[in-house]
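Starting off with a structure, shown below.
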Amino acid sequence: MSLLLILLPILAGAALFGLPRADTRASKIAGCAVAAITFFVPIAAGGDGNFAAHWLSRPFTASLHFAWSGPAYWIVLLLALCTFCAILGTNMTRPRVLIALLLMLEGTMMGVFEAKDVLAFALFWDLMLIPPFFALVGWGGHRETAWRYLIYNFSGGLLLLLATAAFGVLYGSTDVIGTAHQLQGAWAPWIFAGFAFAFAVKTPVFPLHTWMPPTYADSPPPMAAVVSAVQSKAGLYGFLVICLPFFSGAMAQSRWIFITLALISLLYGAYIALVQTDTKRIVAYSSLSHLGLIVLGIFSLNPVAIAGVLLYIVAHGLFSAALFLTLGYVEEREGTRSLTRLGGLGRANPKLAGAFTIAALAALGLPGLAGFAGELITLTGVFQAGLFWPALIALVPIVLASAYMLRLLQDVINGPQVEDIPQRPDLTLSEAFALAPLLAAVTVLGCYPHAVLSTVIPAAGALLK
């Protein structure tokens with residue numbers, strides 16, 4: 001069944017190119033149906049959906065081995081839900097092509113998160129770069145942004161492939177995700193460095209982040225929603241399922257390097273978000289800050305922090321997707337992303353303003369919404385690990401998050417209305433249905449985080465065993 005979650009979106013995306021160009025309704029129905037299937041299959045099937053087929057025997061053994069067990073389960077559901085909402089809420093030109101790219105992105109990312117073989121993980125890692133690249137070029141012609149995104153991430157992917165080959169030769173097999181065995185030898189630190197660089201670029205971590213803000217700002221909103229919500233989690237997932245089980249010694253030796261970079265990401269992202277006037281870039285830099293907190297939690301090497309990290313990965317994905325979709329709708333109606341040109345959304349578009357408010361309050365960590373529990377548990381674990389000063393420093397950007405998110409809300413919703421911007425209609429039915437599952441999940445997870453914690457706490461313990 002796990003192979004179905006990979007092949008179905010990719011094949012459906014390829015098939016959409018055969019539909020008539022003007023058949024937007026059929027494209028949306030087909031895309032939503034595929035995304036819904038990939039969401040409900042893991043829930044209905046139970047177990048881990050294991051699929052394994054022998055692939056290579058020399059110079060090391062490798063398998064086409066996929067499953068949604070362990071930390072991957074909630075990320076797989078997050079990916080399917082965000083893809084469904086992004087497709088349903090698509091209002092862009094040439095929607096058939098964009099929906100096809102979204103489905104192909106879903107399928108390739110399913111391959112990353114379901115892979116139990118490091119070589120399969122690395123191959124899908126590179127494949128998932130293709131749909132966002134074409135989305136950046138195709139909608140708005142952002143070629144410079146597209147090439148920056150591709151060069152940065154493909155450089156990381158190339159090192160990931162080299163590290164995977166070295167890993168296979170040293171260990172004898174790459175079919176190892178889900179197991180644990182410390183790699184020894186002179187080459188082990190260098191292999192870890194290759195993995196760590198690729199994962200740090202993808203997350204991203206300062207100073208390897210410069211591809212991320214323009215990518216999030218220039219991508220069409222449905223693609224930005226999925227990339228920010230899920231693709232950015234691939235690097236974090238790699239740290240958790242590859243580096244922790246096989247290179248925990250190297251992680252312990254290099255932890256202060258990554259803790260320092262995580263704290264810089266936290267502070268730098270929050271400060272730039274505070275002074276930005278482009279709404280999408282505010283959310284992009286806030287994501288850099290939030291992801292820095294997750295990296296800090298991972299390198300605390302504490303089971304409580306790891307459980308908080310797994311919860312916060314899901315929470316961040318939900319409110320990040322909702323924010324980029326709502327900001328996309330605001331831009332579509334007002335024709336601008338500048339805070340100096342926006343205002344009066346609460347009076348003119350109350351439904352859109354309400355959806356935007358819930359997503360923004362979740363991003364600033366309001367108790368009762370999804371972001372709060374993840375931040376609290378992660379910081380508690382960091383403190384328990386004896387990292388008092390890093391935990392204290394991490395509180396500063398969390399406070400700044402309230403400042404820049406409330407500023408964003410105030411200027412967009414309650415700010416003075418610009419006279420020469422015409423009034424536009426409120427949320428359409430499809431837009432409302434696209435946002436509703438994300439906002440409902442943000443609220444439910446905020447009120448009842450145990451739904452996720454009950455499964456991620458054992459996973460966190462297993463990763464650090």
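The values are calculated or read from the model by the stated rules, or taken from the named source; none is laboratory data. Since the structure is predicted, the reported quantities are computational estimates derived from the model, not experimental observations. FYI the Cβ positions are ideal-geometry reconstructions off the backbone, even for glycines, and counts take in every protein chain you see.
Inside region 287-313, can you point out the residues that are over 18 Å from ILE393 (Cβ atoms) and buried (at least 24 other Cβ atoms within 10 Å of the Cβ)?
SER287, ILE306, ALA307, LEU310, LEU311, ILE313, listed by residue number.
Same structure, new question: Anything in region 376-394 that is over 24 Å from CYS447 (Cβ atoms) and aliphatic (A, V, I, L, M)? List them, or say none.
Step one: filter region 376-394 for residues over 24 Å from CYS447 (Cβ atoms), giving 382-394.
Residues satisfying the conditions are VAL382, ALA385, LEU387, ALA391, LEU392, ILE393, ALA394.
Restricting attention to region 98-105, does a residue exist that is under 20 Å from ILE43 (Cβ atoms) and either modelled with pLDDT under 95 or crowded, with 24+ Cβ neighbours inside 10 Å (or both)? Show your work before the answer.
Just the residues of region 98-105 that are under 20 Å from ILE43 (Cβ atoms), to begin with: 103.
Among the residues that remain, those that are also either modelled with pLDDT under 95 or crowded, with 24+ Cβ neighbours inside 10 Å (or both) are: 103.
Yes, the conditions are met somewhere in region 98-105.
Ok, one more. Inspect region 185-195 for any residue being in contact (Cβ under 8 Å) with a residue 60 or more places away in the chain, over 16 Å from the mean Cα position of the chain (by Cα) and surrounded by fewer than 21 Cβ atoms within 10 Å (Cβ to Cβ) and give the result as yes or no.
Yes, region 185-195 contains a residue that is in contact (Cβ under 8 Å) with a residue 60 or more places away in the chain, over 16 Å from the mean Cα position of the chain (by Cα) and surrounded by fewer than 21 Cβ atoms within 10 Å (Cβ to Cβ).
While we're looking at this one, here's another question. Scan region 120-141 and report the pairs whose first residue is under 19 Å from THR90 (Cβ atoms) and whose second residue is part of a helix (DSSP H, G or I) and basic (Lys, Arg), with Cβ atoms within less than 8 Å and a gap of 6+ or a chain change.
Close Cβ pairs (under 8 Å, with a partner that is part of a helix (DSSP H, G or I) and basic (Lys, Arg)) amount to LEU136/ARG143; VAL137/ARG143.
Which pairs do you get when a residue that is closer than 16 Å to PRO221 by Cα and in contact (Cβ under 8 Å) with a residue 40 or more places away in the chain, found in region 330-348, comes within reach of a residue that is aliphatic (A, V, I, L, M) and in a helix (DSSP H, G or I), reach meaning Cβ atoms under 7 angstrom, with the pair 6+ apart or on two chains?
These pairs meet every condition: VAL330/LEU345; VAL330/LEU352; VAL330/VAL412.
Quickly run through region 54-109 and pick out the residues that are of a type in the set (S, T, N, Q), in contact (Cβ under 8 Å) with a residue 24 or more places away in the chain and part of a loop (DSSP other than H, G, I, E, B). Give the derivation first.
If we filter region 54-109 for residues that are of a type in the set (S, T, N, Q), which is where we start, we get 57, 61, 63, 69, 83, 90-91, 93, 108.
Filter once more, so that each one left must be in contact (Cβ under 8 Å) with a residue 24 or more places away in the chain: 61, 63, 69, 83, 90-91, 93, 108.
Answer for region 54-109, where residues must be of a type in the set (S, T, N, Q), in contact (Cβ under 8 Å) with a residue 24 or more places away in the chain and part of a loop (DSSP other than H, G, I, E, B): SER69, THR90, ASN91, THR93.
Further question on the same structure: Of everything in region 196-209, what is in a loop (DSSP other than H, G, I, E, B) and touching a residue at least 60 places away in the same chain (Cβ under 8 Å)? Give them in sequence order.
Looking only at region 196-209, we keep the residues that are in a loop (DSSP other than H, G, I, E, B), and these are 203-209.
Selection gives THR203, PRO204, VAL205, PHE206, HIS209.
Now a separate question. ALA459 - would you say it is out of contact with any Asp or Glu (no Cβ under 6 Å at 6 or more places or on another chain), of a type outside the set (Lys, Arg) and either in a loop (DSSP other than H, G, I, E, B) or at pLDDT below 85 (or both)?
Working: out of contact with any Asp or Glu (no Cβ under 6 Å at 6 or more places or on another chain): yes; of a type outside the set (Lys, Arg): yes; either in a loop (DSSP other than H, G, I, E, B) or at pLDDT below 85 (or both): yes.
Yes: the conditions hold for ALA459.
List every residue pair whose Cβ atoms sit under 9 Å apart, with the two residues 6 or more apart in sequence or on different chains, where the first one lies in region 433-460 and is over 19 Å from PRO367 (Cα atoms) and of a type in the set (S, T, N, Q) and the second, anywhere, is surrounded by 24 or more Cβ atoms within 10 Å (Cβ to Cβ) and at pLDDT 90 or above.
Every condition considered, the pairs that remain are THR455/LEU310.
For ILE29, work out the one condition from (1) of a type in the set (Val, Ile, Thr); (2) over 18 Å from MET128 (Cβ atoms); (3) touching a residue at least 12 places away in the same chain (Cβ under 8 Å) it doesn't fulfil.
(3)
Name the single residue, out of those in region 386-397 being aliphatic (A, V, I, L, M) and crowded, with 20+ Cβ neighbours inside 10 Å, that is farthest from GLY269 (Cα to Cα).
Applying the first criterion (aliphatic (A, V, I, L, M)) to region 386-397 yields 387, 391-396.
The next check asks that each one be crowded, with 20+ Cβ neighbours inside 10 Å; those that pass are 387, 391, 394.
Numbers: LEU387: 21, ALA391: 17, ALA394: 12 Å.
It comes out as LEU387.
Any residue that is under 20 Å from ILE177 (Cβ atoms) and either surrounded by 23 or more Cβ atoms within 10 Å (Cβ to Cβ) or under 21 Å from the mean Cα position of the chain (by Cα) (or both) - is there at least one of those in region 45-58?
No, because not a single residue in region 45-58 is under 20 Å from ILE177 (Cβ atoms) and either surrounded by 23 or more Cβ atoms within 10 Å (Cβ to Cβ) or under 21 Å from the mean Cα position of the chain (by Cα) (or both).
Oh, and also: Would you point out which residue out of LEU136, LEU79, LEU88 is at pLDDT 95 or above and either in contact with an Asp or Glu (Cβ under 9 Å, 6 or more places away or on another chain) or under 30 Å from PHE246 (Cα atoms) (or both)? Walk me through how you get there before you give the answer.
Working: LEU136 fails: at pLDDT 95 or above; LEU88 fails: at pLDDT 95 or above.
Result: LEU79 is the single residue among LEU136, LEU79, LEU88 that is at pLDDT 95 or above and either in contact with an Asp or Glu (Cβ under 9 Å, 6 or more places away or on another chain) or under 30 Å from PHE246 (Cα atoms) (or both).
Answer yes or no as to whether GLU375 is more than 19 Å from the chain's Cα centre (by Cα), acidic (Asp, Glu) and either closer than 12 Å to VAL412 by Cβ or assigned to a helix (DSSP H, G or I) (or both).
On the way: more than 19 Å from the chain's Cα centre (by Cα): no; acidic (Asp, Glu): yes; either closer than 12 Å to VAL412 by Cβ or assigned to a helix (DSSP H, G or I) (or both): yes.
When the stated conditions are applied, GLU375 does not pass them.
While we're here: Look through region 218-235, keep the residues that are out of contact with any Leu (no Cβ under 7 Å at 6 or more places or on another chain) and over 17 Å from LEU98 (Cβ atoms), and return whichever of them is surrounded by the fewest Cβ atoms within 10 Å (Cβ to Cβ).
Across region 218-235, the extreme among qualifying residues is ALA234.
To continue, here is another question. Inside region 117-189, counting only helices (runs of 4 or more DSSP H) that do not spill past its ends, which hold 3 or more residues that are over 21 Å from ASN50 (Cβ atoms) and charged (D, E, K, R)?
On the way: elements: 118-127, 130-138, 143-171.
Where helices (runs of 4 or more DSSP H) fall fully within region 117-189 and carry at least 3 residues being over 21 Å from ASN50 (Cβ atoms) and charged (D, E, K, R), they are 143-171.
In region 167-197, what residues are farther than 18 Å from ALA62 by Cα and in contact with an Asp or Glu (Cβ under 9 Å, 6 or more places away or on another chain)?
None; the set is empty.
Among the helices (runs of 4 or more DSSP H) contained in region 232-349, which hold 1 or more residues that are in contact with a Gly (Cβ under 9 Å, 6 or more places away or on another chain) and of a type in the set (Phe, Trp, Tyr)? Show your work before the answer.
Values: elements: 233-238, 244-275, 279-299, 303-334, 345-348.
The qualifying helices (runs of 4 or more DSSP H) are 244-275, 279-299, 303-334.
Okay, moving on. Taking the options GLY238, GLY292, name whichever one is within 22 Å of VAL118 (Cβ to Cβ) and not aliphatic (A, V, I, L, M). Show your work before the answer.
Working: GLY292 fails: within 22 Å of VAL118 (Cβ to Cβ).
It is GLY238.
Same structure, new question: Could you list, in sequence order, the residues of region 10-62 that are of a type in the set (Gly, Ala, Ser), in contact with a Gly (Cβ under 9 Å, 6 or more places away or on another chain) and closer than 18 Å to GLY107 by Cβ?
ALA12, GLY13, GLY31, listed by residue number.
What's the number of the only condition in (1) over 21 Å from THR90 (Cβ atoms); (2) aliphatic (A, V, I, L, M); (3) surrounded by 20 or more Cβ atoms within 10 Å (Cβ to Cβ); (4) modelled with pLDDT of 90 or more that ALA322 fails to meet?
(1)
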